[in-house]
Structure formats: structure tokens, C-alpha cells
């Protein structure tokens, strides 16, 4: 994967883009954490409710994290790409563990649910489990993509200047070939007016 050198307008997106996206990433997570306080890890009812809330709330921050990753790829910021990969891997691990924990807690919660609410309980549990599985897979794919991008030497633009554009390279190649084919005693005009002017016999 080849990443073009960022242009000046793209560089101007770095600070406001990262600032806005990081706020959009952190604030929903803070709201989610505040809504489950106080933390009671020893209570399976609390774990069941907290994991169900997390399954519903993590989708938006995951999308924002992907946008940060896309911006970092565009700008060639290797450190930000690495940070996004690590965060995606952590999210994938949390959701994998969360599926197992949520399933066990759901079995314990089943005995507390009245018969009239059994169907609703099963539906909500299945939805939360599906969200955790799908978002965990998405986070894992995200993390693999980020780590593979780090191995690409063309991720960041080379220091000391911008990469030459493809049209410039092609133009130089055509010009060099035209010069090589020029015959002795002829005058080679620019490529756009490719003509040869030979000395007249009267000179």
C-alpha cells in the first residue's frame, strides 16, 4: 500500500481533526463508565448489566477510532496508526472476554427472571451477545490492518522533500528517450513539439 505525501491542506487537518475525533471517542466512553458506577465486579447482576450497556455503547467509539486511523494513514502518522492498532486489539480482547462473561452471567440471571419476561430477556441477551461478537471481529480485523500498515515502508513520506508525481516521472522518461534518439547534427526541440531541424545543404 503506497501512501502519497500529505499536501498542505491535508496537514492543516491534523490538529483539529485529531482533537475533534479524540473528543468524540472519549466522551461516550466516559458517559458509559459513569452510568455503571459504582463498580461491583463481584456481583453477576452488575456484570451482566454493564456488559450489555458496553455492547450497545462501543459501536460509535469504534467507528470514531477507525476515522482516526484513516486520518493517520492519510497523513502518514505512524505513531497514531500504532496507537489505533493497540486500542483495536484491546477492544477485541475485551469483547472476547465479555462474550464469555456475559454468557455465564446470563445463565445466572435466568433464574431471577419471571416467566412473563423470559422472552424479552432471551432477546436482549442474544442481541448483546451478537453485538459483542461482531464488534469483536471488526476490532480484530481493524487491529490486523493497522499492524500490517506499520510494516509498510511507504506509509510515511520520505524526509527532506515530497515524492515526485507520476506525471513528472513520465515526462522525464519521455524527454530522456527523445534526447537519446536524436541524430548527430540535429537540433532536438521540446517533447511537445517533437521535430528535427537539420542543417540545409547551402550552409
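Read the figures in this text as sums done on the coordinates, not as results from a lab. Source: prediction; values computed, not measured. Don't worry about glycine lacking a Cβ; one is built from the backbone with ideal geometry, like all the others, and counts go over all protein chains shown.
Cα extents for the stretch 1-132 along the principal axes, largest to smallest and rounded to whole angstrom: 63, 30, 25. Stretched out straight at 0.36 nm per residue, the stretch from residue 31 to residue 124 would grow longer than its current Cα-Cα span by 31.3 nm. Neighbour counts of other Cβ atoms within 10 Å put 47, 12 in the fewest-to-most order 12, 47. Between residue 22 and residue 108, the modelled label-to-label distance comes to 3.8 nm, taking each label 7 Å out from Cα in the direction of the beta carbon. From the Kirkwood radius over Cα pairs of the stretch 28-98, Stokes-Einstein at 4 °C and 1.567 mPa s returns a whole-number translational diffusion coefficient of 96 µm²/s. The label point for residue 15 and the one for residue 79, both projected 7 Å from the Cα toward the Cβ, are 1.6 nm apart. With neighbours defined as other Cβ atoms within 10 Å of a residue's Cβ, the residues 18, 122, 69 order from fewest to most as 122, 18, 69. Listed from fewest to most Cβ neighbours within 10 Å, the set 125, 103 follows the order 103, 125. Sequence-distant contacts, meaning Cα pairs under 8 Å at least 6 residues apart, place the relative contact order of the stretch 8-150 at 31 percent.
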